[in-house]
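Report on the structure given below.
The values are calculated or read from the model by the stated rules, or taken from the named source; none is laboratory data. The structure presented is a predicted model; accordingly, all values stated were derived computationally and were not measured. Neighbour counts are summed over all protein chains in view; Cβ atoms, including those assigned to glycine, are modelled from backbone coordinates with ideal geometry.
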Amino acid sequence: MRNGTLLAIIGLLPAAACAGGSAPAPTPNAGTGPTTSFSYRVPTPPTALYHVDDSVVVSVSTAAGDIEVTTTTLLTMNMVFARDVAGVGIYGTVVGFNVASSSPGMGTRSAGAEDVTGPLALVLGRQGHVEVGAMPSLDSAVMDLTPFPAVAFEIFPRLPARPIGRGGTWVDTVTWAVEEETSESATQTVYTYTLMGDTLVEGETLLNIAMQGDITMEMLEGVGDAVVRQTLSGSTTGYVLWDPERNLPKYSASQRTIEGTNQVPGAGTIRMSISGPVRIWAVY
């Protein structure tokens, strides 16, 4: 996150990945019975490919004019699951990656799989609480385009700690932070989930969970008297389709809308907005 405030905020947004298909729109509910219990467990077989397709537009209003930056990130990760005393251990390797960020005045910057180093290693609690042990990193020249700090928190949603019936809701707060040599950031999302019922996708019966989240983001970048502060807030809405046979999310799709300001020394307040869809799906 050293190549400019505008691009730095893009690096904080939910991760990306795509290959072979897309997340479907859920169909009307067919009912789930009295109650359903959720928990993460080691699936059989203990592997899955997760794909994420993330498109985001960042609009910035300055005294010199408006700037619009479009970023598309495609990521495919092979996930291997194993038992852990705290829940489920996950080891992920990047098998496909491409990110491209462009604007009329700034040209295009991009990164591919050759710029990625290292695995994703985390422990997932039974209800989805994440403890990250390691994450992939990007080459320093394109470090600000990284989606990886958010990956673990976006792929695996939080689950209710009690059995839930159709129409039942639960609320959970997800917070994560990134600290680097000259910057630090924090993102918090308060999610509200509602179990809508069953849905049939390509012959599989999945559980349709509606999702709404309230997002706050803050970032400090720079040193001494040249510190830029970004403060943003907004919402995300969408759904998760849960696979009760594999005890994993099979599909999810959401749309985010975030607005806020950059406080730039010597330049005053710059307004900005962030919007775009995120789609995630698994292939077993």
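Computed quantities for the displayed model
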quantity: Test: residue in segment 229-240 that is touching a residue at least 60 places away in the same chain (Cβ under 8 Å) and more than 14 Å from the chain's Cα centre (by Cα); calculated: yes
quantity: Candidate set from segment 32-72 (those that are of a type in the set (A, V, I, L, M) and assigned to a loop (DSSP other than H, G, I, E, B)); member that is nearest to the chain's Cα centre (by Cα); calculated: Val42
quantity: Members of segment 144-189 found to be among the hydrophobic types (A, V, I, L, M, F, W, C) and part of a strand (DSSP E or B), listed by number; calculated: Ile164, Trp170, Val171, Val174, Trp176, Ala177, Val178, Ala186
quantity: Considering residues of segment 211-222 that are of a type in the set (D, E, K, R) and either within 20 Å of Thr173 (Cα to Cα) or exposed (fewer than 14 other Cβ atoms within 10 Å of the Cβ) (or both) only, the residue modelled with the lowest pLDDT; calculated: Glu218
quantity: Flag for Gly276 being surrounded by fewer than 20 Cβ atoms within 10 Å (Cβ to Cβ), touching a Lys or Arg at 6+ places or on another chain (Cβ under 7 Å) and in contact (Cβ under 8 Å) with a residue 40 or more places away in the chain; calculated: yes
quantity: Qualifying positions in segment 191-208 - under 14 Å from Thr236 (Cβ atoms) and over 14 Å from the mean Cα position of the chain (by Cα); calculated: Thr192, Tyr193
quantity: Verdict on Leu195 being modelled with pLDDT of 95 or more, touching a Gly at 6+ places or on another chain (Cβ under 8 Å) and under 19 Å from Gln127 (Cβ atoms); calculated: yes
quantity: The listed residue being surrounded by fewer than 16 Cβ atoms within 10 Å (Cβ to Cβ) and modelled with pLDDT of 95 or more, out of Val116, Val99, Val57, Val88; calculated: Val57
quantity: Pairs, first within 14 Å of Met211 (Cβ to Cβ) in segment 156-168, second of a type in the set (Asp, Glu) and assigned to a loop (DSSP other than H, G, I, E, B), C-beta under 6 Å, six or more apart; calculated: none
quantity: Any hit, segment 212-222, residues being more than 24 Å from the chain's Cα centre (by Cα), more than 14 Å from Trp242 (Cβ to Cβ) and of a type outside the set (Lys, Arg); calculated: yes
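Yes or no, residue by residue, for (1) touching a Leu at 6+ places or on another chain (Cβ under 7 Å); (2) of a type outside the set (A, V, I, L, M); (3) modelled with pLDDT of 95 or more; (4) assigned to a strand (DSSP E or B):
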| site | (1), (2), (3), (4) |
| --- | --- |
| Ile209 | yes, no, yes, yes |
| Gly224 | no, yes, no, no |
| Gly238 | no, yes, yes, yes |
| Lys250 | yes, yes, yes, yes |
| Gly260 | yes, yes, yes, yes |
| Met272 | no, no, no, yes |
